[in-house]
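K.L.:
Sharing a structure with you now.
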Amino acid sequence: MGFRPDELVGRRTFYDIHPEEGREAFREQSFAALESGAVFSGVLNPAVSSDGRIVWLSTSASTVLGPDGSPVGYRGMDTDISEQVLAKIAVEESETNFRTFFDTLDDIIVVASQDGHILYANRSLHTKLQYSEQELHGMHILDLHAKEDHEEARSILADMFKGLRGACPLSLQRKDGSFMPAETRV
């Protein structure tokens with residue numbers, strides 16, 4: 001955290017290193033756990049280092065009892081888990097950015113498993129083919145084509161995966177049974 005012992009001992013309470021926003025909630029939560037004798041373990045909380053950086057800590061502590069059995073304090077340990085927290089935040093931001101990009105494209109985009117089951121589809125598919133997200137769950141990619149075209153679509157897609165064809169010219173079938181001209185690429 002960058003503090004010298006003399007900056008902490010007797011001059012600074014543990015709670016002073018927490019950002020003002022959320023400081024009181026952390027104090028109440030930790031006191032409630034410790035007064036009840038519970039182990040205060042793995043609580044994620046931000047702290048402010050001596051140079052003003054936010055450091056993410058995983059706090060674990062247990063109650064210290066006085067001679068009469070009442071709580072007089074606690075002993076604990078903080079583990080700096082900033083790297084993991086920041087990595088998680090970066091992944092969440094990346095996922096949000098990807099989702100935004102994915103959903104704003106006008107082309108229909110489908111992500112399917114290797115066996116052809118639809119995992120994700122962008123909003124364009126929902127808008128143009130009229131299937132809800134729930135309806136797509138469990139559907140096969142071939143279900144987006146007319147039943148009579150399934151075998152031809154299966155053959156074309158297999159050729160596309162082998163690099164023998166660049167596109168599938170078969171129309172896509174909307175939920176209402178009408179057709180939308182399309183050129184599918186893998």
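The values are calculated or read from the model by the stated rules, or taken from the named source; none is laboratory data. Because the structure is a prediction, the values reported are computed rather than measured. Neighbour counts are summed over all protein chains in view; Cβ atoms, including those assigned to glycine, are modelled from backbone coordinates with ideal geometry. Areas reflect the complete protein model, heavy atoms only, side chains present, ligands, DNA and RNA absent. Shrake-Rupley method; radii C 1.70, N 1.55, O 1.52, S 1.80 Å.
K.L.:
For the stretch 20-106, state which trypsin sites (Lys or Arg not before Pro) are in a DSSP loop and have at most 12 other beta carbons lying within 10 Å of their beta carbon.
P.N.:
Arg53
K.L.:
Using a probe of 1.4 angstrom, how much of the accessible area of the stretch 8-163 is carbon and sulfur, in percent?
P.N.:
54
K.L.:
Run the numbers for Asp159 and His140: contour at 0.36 nm per residue of separation, minus the present Cα-Cα distance, in nm.
P.N.:
This chain segment gains 5.1 nm when fully extended.
K.L.:
For the chain, what does the relative contact order come out to in percent, with C-alpha contacts under 8 Å and a separation of six or more?
P.N.:
Once normalised by length, the contact order is 10 percent.
K.L.:
Could you provide, to the nearest whole Å², the per residue accessible area of the chain with probe 1.4 Å?
P.N.:
For the chain, the per-residue accessible area is 66 Å².
K.L.:
Could you state the angle between the C-alpha long axis of helix 150-161 and the longest principal axis of the C-alpha atoms of the chain, as a value from 0 to 90 degrees rounded to the nearest 10?
P.N.:
Compared with the principal axis, the helix lies near 60 degrees.
K.L.:
Which chymotrypsin sites (Phe, Trp or Tyr not before Pro) from the stretch 83-140 combine a DSSP loop assignment with at most 14 other Cβ atoms within 10 Å?
P.N.:
Here no loop site has a sparse enough neighbourhood.
K.L.:
I'd like the Karplus ³J(HN,Hα) series for the stretch 172-184: coefficients 6.51, -1.76, 1.60, θ = phi - 60°, whole numbers in Hz, and an x wherever there's a Gly or Pro.
P.N.:
9, 9, 6, 4, 7, x, 6, 10, 10, x, 8, 10, 8
K.L.:
I need two numbers for the chain: Rg to one decimal and Dmax as a whole number, Cα atoms only, in Å.
P.N.:
28.4, 83
K.L.:
Lys/Arg Cβ at +1, Asp/Glu Cβ at -1, dipole of the chain taken about the Cα centre: which of Ile81, Ile54, Tyr131 is farthest positive-ward?
P.N.:
Result: Ile81.
K.L.:
Loop only per DSSP, at most 11 neighbouring Cβ atoms within 10 Å: give me the trypsin sites (Lys or Arg not before Pro) in the stretch 111-170, ordered by residue number.
P.N.:
Qualifying residues, ordered by number: Lys162.
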